[in-house]
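Quick notes on the structure that follows.
The values are calculated or read from the model by the stated rules, or taken from the named source; none is laboratory data. Since the structure is predicted, the reported quantities are computational estimates derived from the model, not experimental observations. Using ideal geometry, Cβ is built from the backbone for each residue, glycine included, and neighbour counts are taken over all protein chains shown. These area figures cover heavy atoms from the full protein model, side chains too; ligands, DNA and RNA do not enter into them. Shrake-Rupley method; radii C 1.70, N 1.55, O 1.52, S 1.80 Å.
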Amino acid sequence: MSAPHFNAIVDQLEALLACPTFVALASWQGEYAVDLDEDAGHRLVAQVLRRFRQANFQQAALVIVARGGHVAFAETLLRALRHLDVELSVVVPHEVSGMASVLALGAGQITLHPAAGLGACDRGLCVLERVPWTASLLDHLPDFADTSIFGEQATRVLSTIANQQRYRAEVRLGLARQVSARQISPELVAATSLERLGEEGVADLGALTRAGARVQVASPELSTLLEQLLLAARDNHGLFDTPRARFERSTDWADEVEFAPAEDVAGALLASAALRDLYLLDTGSPDPDSPRLQGRWVRPPGTQ
């Protein structure tokens, strides 16, 4: 599929939703996983601002598929929209969690694809950094009767556990700020918490409605467009492709492997009808501090 085809789908979504429409898609699979961060938030806001300066609008829609993510990503976008006095509608084509759920809770309207739902806001990052021990990290270290159960990897395992707990505490603080500003209700926070949903559960139409959200199921026409959008993102950019094998057994030499050539693989996409920011992962550059690939944002050819 071509870039014009992807743009045409976004145009159709805009016409159906009757407002400027933006797209945020991020993979969560293996080393292709991307946690959208503050940089991604600013890039998405830049797309919103460019459109807003061309012609002011009071409503905008965000189509989002992502899990994990950093608090700053959601807060950057929500803050900018509040300052512009723009009401956000969030459209969810697939199960999401983390900051995608936070954005949905902060929206004036949530629209779910029939197969979609909101996972826990504080479910955790897709990829945890291997951070050094600090006093603040130690504050989040759970008490264990016997750390020897982790063997020689105890230091790394405990660091990972503490870092995940630190992240979840940051999410809860971010949600508390939204509750304090009356952007999100305490009932919605509780309905989409890890304590309520667990690692794999999702809040559906009924649960979100009972918690006070304005939520609806997408029409057949909208559902079809959302499915086409995800297919176009895969076919045009390779987003959401199954991670490829990094090496295979040699057919010529026993106990040898042949590594595949390094390549760029799409990990995330921020887009509107005319603008696109693509996050490319380099399969030849694993991150030394976390189990993921290093990447960079690029503007694909043919986009402004």
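This table checks each residue for (1) in a strand (DSSP E or B); (2) more than 24 Å from Arg168 (Cα to Cα); (3) aliphatic (A, V, I, L, M).
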position	(1), (2), (3)
Glu14	no, yes, no
Cys19	no, yes, no
Leu25	yes, no, yes
Leu44	no, no, yes
Gly68	no, no, no
Ala72	no, no, yes
Leu81	no, yes, yes
Ala104	no, no, yes
Ile110	yes, no, yes
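Residue check: is Glu38 of a type in the set (Asp, Glu) and crowded, with 18+ Cβ neighbours inside 10 Å? No: the conditions fail for Glu38. Every listed requirement among (1) within 23 Å of Leu229 (Cβ to Cβ); (2) crowded, with 21+ Cβ neighbours inside 10 Å is met by Val71 save one, (1).
Name the residues in region 157-189 that are at pLDDT 80 or above and farther than 24 Å from Ala80 by Cα, would you? Residues satisfying the conditions are Ala162, Gln164, Gln165, Arg166, Glu187.
Among the residues making up region 216-260, a single one is on the phi > 0 side of the Ramachandran plot and either among the charged types (D, E, K, R) or at pLDDT 95 or above (or both): Asp255. Within region 8-31, restricting attention to residues that are open to solvent by 30 Å² or more (accessible area, probe 1.4 Å) and closer than 24 Å to Gly98 by Cα, the residue that is modelled with the highest pLDDT is Trp28.
Given the criteria over 27 Å from Asn236 (Cα atoms), under 13 Å from the mean Cα position of the chain (by Cα) and not polar (S, T, N, Q), does Val71 qualify?
Taking the combined requirement at face value, the residue satisfies it.
Pairing residues of region 282-297 that are open to solvent by less than 50 Å² (accessible area, probe 1.4 Å) and among the β-branched types (Val, Ile, Thr) with residues that are in a strand (DSSP E or B) and modelled with pLDDT of 70 or more, at Cβ distances under 8 Å and at least 6 apart in sequence or on separate chains, gives Thr283/Asp264; Thr283/Val265; Thr283/Leu293.
Look at region 79-105: where a residue is surrounded by 18 or more Cβ atoms within 10 Å (Cβ to Cβ) and a partner is charged (D, E, K, R), sitting 6+ places away or on another chain with Cβ atoms under 6 Å, you get Ser97/Arg67; Ser97/Arg123; Gly98/Arg67; Gly98/Arg123.
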